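The values are calculated or read from the model by the stated rules, or taken from the named source; none is laboratory data. Since the structure is predicted, the reported quantities are computational estimates derived from the model, not experimental observations. Every residue, glycine among them, receives a Cβ derived from its backbone with ideal geometry; neighbour counts consider all protein chains shown.
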Amino acid sequence: MNILFYLAPKSEVAYLYDDYTMRQAIEKMEYHKYSAVPVISRDGHYFGTLTEGDILWELKRREIVDLHEIENITVRQMQRKRDNQPVNVNCRIEDLVMTSMNQNFVPVVDDNGIFIGIVTRKSIIGYCYGKYKEMCQAQEA
């Protein structure tokens with residue numbers, strides 16, 4: 001099964017550029033109500049994942065009291081606890097399922113590392129549930 005069937009393309013995904021300021025990141029995440037978003041470079045390469053926790057720890061680490069200071073910090077400069085591991089667009093669905101077990105979305109990149117979208121854990125669970133139902137129906141027949 002081709003994972004493109006489950007892909008939310010880049011054009012439909014909220015993401016951040018690595019040169020965005022911390023303020024821009026916060027505003028975009030707040031607007032979309034996401035707790036984690038992919039980060040890409042201006043040339044389209046997947047850079048990592050920024051989470052709400054990363055933002056909070058960065059504020060604490062830098063001892064930021066005046067929120068105007070966050071306009072001078074880029075996403076690239078921020079420490080991230082963990083990046084969601086990307087998969088290649090040609091990976092097997094089984095690899096996608098395994099990767100999704102520890103992250104709420106899986107970034108998908110092409111052969112050149114260019115970010116093309118994400119597959120959400122919700123869509124992967126839906127795939128697994130569909131396979132489970134098929135198996136149950138086959139056993140009943």
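Descriptive notes on the structure:
- For the range 49-77, taking the residues that are among the acidic types (Asp, Glu) and either touching a residue at least 24 places away in the same chain (Cβ under 8 Å) or within 25 Å of VAL109 (Cα to Cα) (or both), the one that is surrounded by the most Cβ atoms within 10 Å (Cβ to Cβ) is identified as ASP54.
- Meets criteria (modelled with pLDDT of 95 or more and more than 10 Å from the chain's Cα centre (by Cα)) for TYR31: yes
- Among all positions in the range 19-30, there is at least one residue which is surrounded by fewer than 18 Cβ atoms within 10 Å (Cβ to Cβ), in contact with a strand residue (DSSP E or B) (Cβ under 6 Å, 6 or more places away or on another chain) and assigned to a loop (DSSP other than H, G, I, E, B).
- In the range 89-112, the condition of being of a type in the set (Gly, Ala, Ser) and in contact with a helix residue (DSSP H, G or I) (Cβ under 7 Å, 6 or more places away or on another chain) is met by at least one residue.
- The set of residues in the range 78-134 that are of a type in the set (A, V, I, L, M) and assigned to a helix (DSSP H, G or I) comprises ILE93, LEU96, VAL97, MET98, ILE124, ILE125.
- Of the residues in the range 36-51, not one is modelled with pLDDT of 95 or more, at negative phi, under 15 Å from the mean Cα position of the chain (by Cα) and assigned to a helix (DSSP H, G or I).
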